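Some notes on the structure that comes next.
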(Lines give C-alpha, C1' and ligand atoms only; values in the text may rest on other atoms or scores of the structure.)
Protein backbone atom coordinates (compact mmCIF):
# COMPACT_ATOMS: atom_id res chain seq x y z
CA UNK A 1 0.00 0.00 0.00
CA UNK A 2 1.41 3.39 -1.03
CA UNK A 3 1.80 6.01 1.67
CA UNK A 4 -0.71 8.26 -0.12
CA UNK A 5 -3.22 5.37 -0.02
CA UNK A 6 -2.52 4.57 3.61
CA UNK A 7 -3.86 7.83 5.03
CA UNK A 8 -7.62 7.76 5.62
CA UNK A 9 -10.07 9.83 7.65
CA UNK A 10 -11.78 8.25 10.61
CA UNK A 11 -15.08 8.27 8.70
CA UNK A 12 -13.52 5.96 6.08
CA UNK A 13 -12.35 3.62 8.86
CA UNK A 14 -15.86 3.50 10.30
CA UNK A 15 -17.43 2.72 6.93
CA UNK A 16 -14.83 0.19 5.73
CA UNK A 17 -13.42 -1.36 8.91
CA UNK A 18 -13.58 -5.04 7.93
CA UNK A 19 -12.14 -4.35 4.46
CA UNK A 20 -9.28 -2.29 5.93
CA UNK A 21 -8.48 -4.95 8.54
CA UNK A 22 -8.38 -7.61 5.82
CA UNK A 23 -6.13 -5.52 3.57
CA UNK A 24 -3.77 -4.52 6.35
CA UNK A 25 -3.49 -8.13 7.53
CA UNK A 26 -2.92 -9.51 4.02
CA UNK A 27 -0.42 -6.86 2.95
CA UNK A 28 1.32 -6.38 6.33
CA UNK A 29 0.65 -2.71 5.94
CA UNK A 30 0.12 0.32 8.09
CA UNK A 31 -2.78 2.73 7.98
CA UNK A 32 -2.74 6.28 9.32
CA UNK A 33 -6.12 7.53 10.54
CA UNK A 34 -6.82 11.24 10.56
CA UNK A 35 -9.36 13.20 12.55
CA UNK A 36 -10.20 16.77 11.58
CA UNK A 37 -7.35 16.61 9.04
CA UNK A 38 -4.73 15.70 11.63
CA UNK A 39 -2.98 12.32 11.94
CA UNK A 40 -4.21 10.66 15.15
CA UNK A 41 -3.77 6.87 15.03
CA UNK A 42 -1.74 4.19 13.29
CA UNK A 43 -3.36 0.83 12.51
CA UNK A 44 -0.95 -2.02 11.83
CA UNK A 45 -1.14 -5.79 11.42
CA UNK A 46 -0.05 -7.79 14.47
CA UNK A 47 2.97 -9.44 12.80
CA UNK A 48 4.44 -6.09 11.76
CA UNK A 49 3.74 -4.69 15.22
CA UNK A 50 5.50 -7.62 16.93
CA UNK A 51 8.48 -7.31 14.57
CA UNK A 52 8.69 -3.59 15.32
CA UNK A 53 8.60 -4.25 19.08
CA UNK A 54 11.40 -6.84 18.75
CA UNK A 55 13.48 -4.44 16.68
CA UNK A 56 13.00 -1.67 19.23
CA UNK A 57 13.99 -4.02 22.06
CA UNK A 58 17.19 -4.97 20.20
CA UNK A 59 17.99 -1.32 19.54
CA UNK A 60 17.46 -0.53 23.21
CA UNK A 61 19.85 -3.33 24.20
CA UNK A 62 22.45 -2.01 21.76
CA UNK A 63 22.09 1.51 23.14
CA UNK A 64 22.45 0.23 26.71
CA UNK A 65 25.50 -1.82 25.74
CA UNK A 66 27.09 1.17 24.07
CA UNK A 67 26.39 3.33 27.12
CA UNK A 68 27.84 0.69 29.46
CA UNK A 69 30.99 0.47 27.36
CA UNK A 70 31.35 4.26 27.28
CA UNK A 71 30.98 4.36 31.07
CA UNK A 72 33.53 1.56 31.49
CA UNK A 73 31.00 -0.91 32.89
CA UNK A 74 32.10 -4.02 31.03
CA UNK A 75 34.55 -6.90 31.27
CA UNK A 76 36.30 -9.01 28.66
CA UNK A 77 34.31 -12.05 27.50
CA UNK A 78 37.06 -14.42 28.61
CA UNK A 79 36.82 -13.13 32.19
CA UNK A 80 33.01 -13.16 32.16
CA UNK A 81 32.88 -16.81 31.00
CA UNK A 82 35.49 -17.81 33.59
CA UNK A 83 33.35 -16.27 36.33
CA UNK A 84 30.22 -18.02 35.00
CA UNK A 85 32.00 -21.38 34.99
CA UNK A 86 33.04 -20.82 38.61
CA UNK A 87 29.51 -19.97 39.62
CA UNK A 88 28.16 -23.07 37.89
CA UNK A 89 30.70 -25.28 39.68
CA UNK A 90 29.63 -23.78 43.01
CA UNK A 91 26.00 -24.70 42.30
CA UNK A 92 26.82 -28.37 41.73
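When you scan the range 17-30, do you find a residue that is without any contact (Cβ under 8 Å) to a residue 60 or more places away in the chain, on the phi > 0 side of the Ramachandran plot and surrounded by 11 or more Cβ atoms within 10 Å (Cβ to Cβ), even just one?
As a first pass, look at the range 17-30 and keep what is without any contact (Cβ under 8 Å) to a residue 60 or more places away in the chain: 17-30.
Within this subset, residues satisfying the condition of being on the phi > 0 side of the Ramachandran plot are 28.
Among the residues that remain, those that are also surrounded by 11 or more Cβ atoms within 10 Å (Cβ to Cβ) are: 28.
Among the residues of the range 17-30, at least one is without any contact (Cβ under 8 Å) to a residue 60 or more places away in the chain, on the phi > 0 side of the Ramachandran plot and surrounded by 11 or more Cβ atoms within 10 Å (Cβ to Cβ), which makes the answer yes.
Hey, among 75, 79, 53, which residue is assigned to a helix (DSSP H, G or I), farther than 30 Å from residue 18 by Cα and not assigned by TED's automatic domain parsing to the domain that holds residue 22? Break it down into steps so the answer makes sense when it comes.
Working: 75 fails: assigned to a helix (DSSP H, G or I); 53 fails: farther than 30 Å from residue 18 by Cα.
Sole residue among the options that is assigned to a helix (DSSP H, G or I), farther than 30 Å from residue 18 by Cα and not assigned by TED's automatic domain parsing to the domain that holds residue 22: 79.
When each of 58, 84 is tested for being assigned to a helix (DSSP H, G or I), modelled with pLDDT under 95 and on the phi < 0 side of the Ramachandran plot, the lone residue that passes is 84.
The values are calculated or read from the model by the stated rules, or taken from the named source; none is laboratory data. Only a predicted model underlies this, so the values are computations on that prediction, with no experimental measurement involved. Every residue, glycine among them, receives a Cβ derived from its backbone with ideal geometry; neighbour counts consider all protein chains shown.
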